[in-house]
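Heads up: the structure comes next, in structure tokens.
The values are calculated or read from the model by the stated rules, or taken from the named source; none is laboratory data. This structure is a prediction, so every number in the text was calculated from the model and none was measured. Here the Cβ positions follow ideal geometry from the backbone for every residue, glycine too, while neighbour counts run over all protein chains shown.
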Amino acid sequence: MREMAPPIHVTKVTGTPFHRDERGMVAIFFALTMAVLMGFSAVSLDAGNLYVTRQRLMDVADAAALAGVQFLPEDPWQARNTAEQYAVQNGLPSDQVLAEVAPGGTSLKVTVGRTVSFHFAPVLGQKYTEVQAVATASVGQLTSLNGVVPLGVERGSFTFGETYSLKLGPGSSSPDPHHGNFHALALGGKGASVYRENLSHGFSQVLRVGDTVETEPGNMAGPTQEGISARLRDDGEETWESYGRQSRRRVYVPIVDSFDVNGRKEVKIVGFAAFFLEEEEDEDDGPDHDHHSVVIKGRFVREYREGEMGDFSCDDDFGLRALRLIH
């Protein structure tokens, strides 16, 4: 008889050690990837917090330096105290605020800091860090300006709060008008209409220390009165001790080297000053009192502006100073 072949047994494979190891490796890789992603997320969130904190500190340092430098060079202690108090009032701890006046007394350095705690990064071993910001502000002579009125004041010493004549009249006795010049200036053109417009709205172009401008000779009582009346329309109840930044009574004037010139001549600008306008005054000119002139007076005030700045000089300190941030 013919022999039968032995039966063939087929075994169903449902899994192998290799496949089980592969699934385990995927799980480990996924866990490691999630850990890395969580680490990156933690670093990103805490880095964003650091950036916001640093920007906030920089803003406070800038503002504190500008607030304090306004007391320089006269009062270094007040400059430091003002800057430090400003920073503390804006939420910074007093032990992390330091204001220093540089040698020479015309610049103020403010250093502020804060301890920033991490919310996520501790998993990476970093719990907190120190963040600092530094700002330095300087004060000097303002060397350029626009919006000045067409009135010049001769170079001299000025006292805060004292009244000075900005535009003279023929009857003025002290100081005497020079050869038909009553301290009026021709800015951007000649004649009464240009003068009146500049008196009302200010000269729109920029003037600089060292520029020469022409005088505008003549009394010009009418244009003076019209220009001042237009400027002071709706001026409210301001005083020289409590006027706002947009006050129309505050005027900027060029300081010139001398008005000792005859007729329409050039005078040199050596600085700028700010005055608070008092009411203009009519005065009789001439023995028969049949003419009138208008005298403009203003109180000398001190102001600070951002702008082109020159070195500070006590000889050329006319009260109108420039502030500048230096990082």
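If I ask for residues that are assigned to a strand (DSSP E or B) and more than 16 Å from the chain's Cα centre (by Cα), which ones from segment 57-108 would you list?
97, 98, 99, 100, 101
What residue, among those in segment 170-198 that are of a type outside the set (S, T, N, Q) and in a strand (DSSP E or B), is modelled with the lowest pLDDT?
Ranking the candidates gives 178 first.
Scan (1) surrounded by 16 or more Cβ atoms within 10 Å (Cβ to Cβ); (2) modelled with pLDDT of 85 or more; (3) part of a loop (DSSP other than H, G, I, E, B) for the single condition residue 239 breaks and write down its number.
(1)
What pairs come out if I take residues in segment 71-86 that are in contact (Cβ under 8 Å) with a residue 40 or more places away in the chain and pair them with residues that are of a type outside the set (Ser, Thr, Tyr) and part of a loop (DSSP other than H, G, I, E, B) whose C-beta lies under 8 Å away, six or more apart or interchain?
72/105; 73/104; 73/105; 73/312
How many residues does segment 151-169 hold that are modelled with pLDDT under 90 and surrounded by 18 or more Cβ atoms within 10 Å (Cβ to Cβ)?
Residues flagged as modelled with pLDDT under 90 and surrounded by 18 or more Cβ atoms within 10 Å (Cβ to Cβ) within segment 151-169 amount to 2.
Surrounded by fewer than 19 Cβ atoms within 10 Å (Cβ to Cβ), assigned to a loop (DSSP other than H, G, I, E, B) and modelled with pLDDT under 95: which single residue out of 288, 315, 282 fits that description?
288
Which one is nearest to residue 222 (Cα to Cα), of the residues in segment 180-201 that are of a type in the set (Ser, Thr, Tyr) and either surrounded by 17 or more Cβ atoms within 10 Å (Cβ to Cβ) or in contact with a Cys (Cβ under 7 Å, 6 or more places away or on another chain) (or both)?
By that ranking, first place goes to 195.
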